[in-house]
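Report on the structure given below.
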Amino acid sequence: MPHSYRSVKTAILTGAIGLHYQPIHRLSDGQLLGYEALARWGNVPPPQIAALVEEHSLELLWVRRQLHDIDKILTEIYPPIWISVNLDQKVLAIESLPYLLNTSPHQLGIHVEVLESVKLHPQAVAALMKISHKHILKADDIGSLDHAWIDRLIGEHAAIFHGIKLCQGLTRDILTNPRTAIACRVFLDLAQSCQLETIAEWVESEEQAQQLLAWGCDAGQGSLFGMPQPWEYWREKYHGH
């Protein structure tokens, strides 16, 4: 059954469409650094949630809801632990987005991941530059089949970004696929030479984490550290409430 405008809006307002959080840990010592906020709505696949929000032009409402929920969490944990949010093209086009992010009560604890699908046209670049004054910007899914990583790492807009996140295609099989391992190391070498923070997705084992660390990767995200869970789970596990 198709989801109507009213049903999607109601789901956002009531929290039925909400956020789960996946931890990100420093590889050198296992220290918790932050979380990525990821949309969840029952059994609806996450890409479909984003498509429904876009289909019904509810991006602004969804951004406000995310910031509201994240601000409540950041009153409990405070920086330097941070929470990252994802920006796609439609969200980045919201005229008030830089204002919303930069005036959020706990804006210093919010990092921003720019999805690989975002095209860095002048309007998008202008918005990202306003956001980057107060937020850590990370280029998401570096190494994916989309060649957007070229502009993020070595193109004219590379200076906007403070860090990168390597996609699972670069990190998942580094212990079994020599070509994948070479490609992953090349990206990490390039990121280090550009003084960019690096996060690896899909870290599933201690051996994999240690190999990434040996190649200079800063942090990891994946089943080794925990899968996305409601905030209550992480509050009880890590934050003593």
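FYI, it's all coordinate maths here, none of it is from the lab. In this text the structure is predicted, and so the values were computed from the model without any measurement. Reconstructed Cβ throughout: ideal geometry from the backbone, glycine too, with neighbour counts over all protein chains shown.
Give the residue list of GluC sites (Glu not before Pro) in the stretch 116-198 that are DSSP loop and have at most 15 other beta-carbon atoms within 10 angstrom.
Values: sites: Glu116, Glu156, Glu197; in loops: Glu116, Glu156.
Passing both the DSSP loop test and the Cβ count: Glu156.
Distance from the Cα centre of the stretch 196-237 to that of the stretch 10-40, in angstrom? Each part reduced to its Cα centre gives a spacing of 13 Å. Amide H contacts for Leu33 (H built 1.01 Å from N in the peptide plane; partners 5 or more residues away or on another chain; cut-off under 5 Å): Ile24, His25, Arg26. Highest mobility in the GNM of the chain, judged by mean-square fluctuation with C-alpha springs under 10 Å and restricted to Asp173, Asp141, Asp29, is found for Asp29. Computed over the chain with a Gaussian network model linking Cα atoms closer than 10 Å, the most mobile of Thr14, Thr171, Thr198 is Thr14.
Recomputing volume of the Cα convex hull per residue in Å³ from the coordinates shown identifies the correct label among (1) 114; (2) 129; (3) 147 as (2).
In the structure shown, the pairs Lys119/Lys237; Lys9/Lys72; Lys90/Lys165 are assessed against 27 Å; a Cα-Cα span above that value is assigned to Lys119/Lys237. Taking the average, over residues, of other Cβ atoms within 10 Å as the packing measure, peptides 55-61, 18-24 rank 18-24, 55-61 from highest down. Under a Gaussian network description of the chain, with springs only between Cα atoms under 10 Å, the residue in Gln195, Gln66, Gln221 that fluctuates furthest is Gln195. Helical content of the chain, expressed as a calculated mean residue ellipticity at 222 nm, amounts to -12000 deg cm²/dmol (DSSP H runs of 4 or more residues, -39,500 (n - 2.57) each, divided by residue number, nearest 500).
Lys and Arg at +1, Asp and Glu at -1: add these up for the other residues within a Cβ distance under 13 Å of Leu166 and post the number. Residues close to Leu166 contribute a combined charge of -4.
Note on the chain: antiparallel DSSP beta bridges, both residues inside, total approximately 40 percent of the bridges counted. Judged by the ratio a/c of the largest to the smallest principal axis of the C-alpha gyration tensor, the stretch 182-237 counts as prolate, that ratio being 1.5 or greater while a/b is larger than b/c.
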